[in-house]
Each structure stands twice: as C-alpha cells, then as structure tokens.
Amino acid sequence: MAHGTHDYQADPRNENILIHLNGALVPRAEAMVSVFDSGFMLGDGIWEGIRVHNAKMAFLDEHLRRLFEGAKSLDMDIGKSSEELTSLLYETIEANGMTDNTHIRLMVTRGMKSTPYQDPSFTVTAPTIVAIPEYKQPHPETLTNGLRLFTVHVRRGRPDVQDPKWNSHSKLNCISACIQAGKAGADEALMLDPQGFVATCNSTHFFIVKRPDGPDSPPEVWTSTGDYCMPGITRRNVLRLCARHDMIHHEKNFSLTDVYNADEAFVTGTFAGIAPVTEIDGRTIGNGKRGPVVQRLQEFYLDLLAEVTA
C-alpha cells in the first residue's frame, strides 16, 4: 500500500498541543477559524513547514524569507515583522515543551471576508495567523527502503497561470497529482513541466544520480532547472552540500528516459529531509535499493542540521 513521503509515527501527545491562533494559545480541540476566512473560503493564504531540532528551528530565516516573498507577490500584508513571527513560533514550541522531533506549520491567510467573494478588498480583518506544532517523525523505512513514484498527467504550470514559486494554500493541482499517484499504487507523484521535462513531485523535490560517462565515471547529481518548482529550502541545501563536498551537480532539463536509467533517485523536503526513490512508473531505479550517493547525502544533511541548530 502506498504510504507517502509525509507519513509519520503517531504520537498521543499531539492530542493536547496548544496552537497559536491570532495571538492566543488555544487547545487543539478549540483551534478554529471562521467560515468567512479567506483561507477556508478561497485558499487565499501562504504557509511554511518548519522542523525543530535541539530546541531551534532549522533554516528559519530562509523559511520566513520565502513566506514574505510569497506575501509580497500576493499583495498580502502579514501585519507582523520577521522578528515578531520568530517570537510567535518560539512561544508556541516553548508553551508545548517541545525541543526535538517536532514539525510546525505556520499559516497566514488574508483574513476574514465580509461576504463570499474573491476580491481582496472585501477582507475586513487583519490576517489570520496560525502556528500548529506537532511531535512528528517520518517512518524510519521512508529514509531507507525507498519510495515509489508515478508520473502523472497533471503538469507544473507556468508562472503566468499560477506561479509555482508561491507556497500557497491553493494546492489543488498538487492534490490532483497526489490522488492520481495514489490510485496507481505509488507513494508520490512525479510531475512534468509544460515542455515535458521532469519538474518536481507533488510535495517534494526530485533528484537523480547519473554516471553519464559510464559506470566507472564520477556520479552526478541532477535536479530540474527549478523554473516550475517552489523554491525548496531542503533542495537548495542539498545543492549546497554537493558544492561543499565537491560532488558534481546540475540544475538542468532532463526527461523520463534519464530518470528510468538513473543509478539512484531521491526526493527532498522539510519533513523527511532526503528519502530514496527505488521505483518510478514500474521501473526499478538502480539496483532497487538506497544507493551510496543518497546515503552520503543523508549523512551530510544530518550533519548540516546539527551544525545550524547547535
């Protein structure tokens, strides 16, 4: 059965968490927004998922920068500074006594509407700001056994349709892709760009490992150009790790033929970090197991997390 890159180990402590909702910490069962909220009504909002390690939020500055870039693009005034959001987030995890193995979802919507209509001028309140912290760890096998992907018909769109750089609440294209992959028995969807090149997955970023000059040549790490992807923070960190450790890496166009004949493949994301991919569209990738390059990058990434949260 498909399980997905965001499957997690259930933790009973999550039933009693406090959620930061518009300036107040409220129990999970009481954390609610109005049916007139822009996010509920129209998907008019932006969000970030952030990991907590050693009582610190990893790569928080980059997450907040992406949040504010999205807000400015959507002409949304968050109403708080980066420093104020940082304080809000730390207040949330401290109130819950969380120091590790925690994922926090920060969500900002445009606010409440006076009536169900899309025009932002009908917004009558300040933005809705919510921070949901949960004790959350990926299943260990996600990081070792390998995921199965299925290439879906849903494409990553051009920025003149809906800019894929927005980490918005409007995710129906990705949800549709996720559904199609699940119906095919896969764990996640592999999505192409409008030209038919590989773009990304429905909720993670995609990489392959190739030895284009033969089996004895140095491995190369490939990912898409990024033109049709959300600017992934883990994706960027993997590219930085490749540069730091003198690993050949490229952001480039490549097709499914390159994917099917890759030596290794993996996906990246804030929640699980780096997870191997061993099957795509029924084709076994490499030897069908987590490869040495993926394992090395996982180790490098854990070291990076320890470094930035020390």
**Message:** Under 5 Å between amide hydrogens, which residues at least 5 positions from Leu147 or on another chain qualify, with H placed 1.01 Å from N in the peptide plane?
**Reply:** Val277, Thr278, Glu279
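What does the C-alpha gyration tensor say about the overall shape of the stretch 140-308? Classify as rounded when a/c is under 1.5, otherwise prolate if a/b is larger than b/c, or oblate.
Numbers: a/c = 1.45, a/b = 1.28, b/c = 1.13.
Rounded shape, in that the Cα axes give a/c under 1.5.
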**Request:** Rounded to whole Hz and in sequence order, give me ³J(HN,Hα) for the stretch 55-70 from the Karplus expression 6.51 cos²θ - 1.76 cosθ + 1.60, θ = phi - 60°, writing x for Gly and Pro.
**Result:** 6, 10, 8, 6, 6, 4, 4, 5, 5, 5, 4, 5, 4, 5, 5, x
**Request:** Measure out, as a whole number of angstrom, how far apart the alpha-carbon centroids of the stretch 177-210 and the stretch 67-132 sit.
**Result:** 29
**Asked** Among Leu147, Leu67, Leu172, which one shows the biggest mean-square fluctuation in a GNM of the chain, springs joining Cα atoms closer than 10 Å?
**Response** Leu172
**Compactness of the stretch 244-284, expressed as Rg and Dmax over alpha-carbon positions, Å** = 12.0, 34
**Prompt:** If you work out Rg and Dmax of the Cα atoms in Å from the coordinates, which of (1) 23.8, 73; (2) 19.4, 58; (3) 19.8, 65 do you get?
**Reply:** (3)
**Residue-by-residue Karplus 3J(HN,Hα) for the stretch 245-259, coefficients 6.51, -1.76, 1.60, Hz, glycine and proline x** = 9, 6, 9, 5, 8, 9, 9, 7, 6, 8, 10, 5, 4, 5, 5
**Request:** Compute log10 of I(q)/I(0) for the stretch 207-290 with the Debye formula, placing one identical point scatterer on every Cα and leaving out solvent, at q = 0.14, 0.16, 0.26 Å⁻¹, to two decimals.
**Result:** -0.47, -0.62, -1.51
**Euclidean distance of C-alpha centroids, the stretch 138-164 and the stretch 275-310, integer Å** = 16
**Request:** Would you mind checking which residues have amide H under 5 Å from Cys201's amide H? H placed 1.01 Å from N; only 5 or more apart, or other chain.
**Result:** Met191, Phe206
**Message:** As a quick test, which of the pairs Lys136/Lys171; Lys80/Lys165; Lys56/Lys165 have an alpha carbon distance above 24 angstrom in this structure?
**Reply:** Lys56/Lys165
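Which of the three applies to the stretch 12-135, rounded, prolate or oblate, going by the alpha-carbon gyration tensor with a ≥ b ≥ c and a/c under 1.5 meaning rounded?
Details: a/c = 2.44, a/b = 1.48, b/c = 1.65.
Since a/c reaches 1.5 but b/c is at least a/b, the shape of the stretch 12-135 is classed as oblate.
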**Fill in**
Expected sort for Arg290, Arg296, Arg51 with the fewest Cβ neighbours (10 Å cutoff) up front is Arg296, Arg290, Arg51
**Distance in nm between pseudo-label sites at Thr99 and Ser217 (7 Å out along the Cβ direction from Cα)** = 5.0
**Asked** Counting only residues 5 or more places away or on other chains, whose amide H sits under 5 Å from the amide H of Asp37 once H atoms are built in the peptide plane?
**Response** Lys113
**Asked** Can you list the HN-Hα couplings for the stretch 217-226, worked out from phi with the Karplus curve (6.51, -1.76, 1.60; θ = phi - 60°), rounded to whole Hz and with x for Gly and Pro?
**Response** 7, x, x, 10, 9, 10, 9, 5, 4, x
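Each value in this text was obtained by applying a stated rule to the coordinates, not by laboratory testing. If you're wondering where the values come from, they're calculated on a predicted model, not measured in any experiment. Cβ sites come from the backbone with ideal geometry, for glycine too, and all protein chains shown count toward neighbours.
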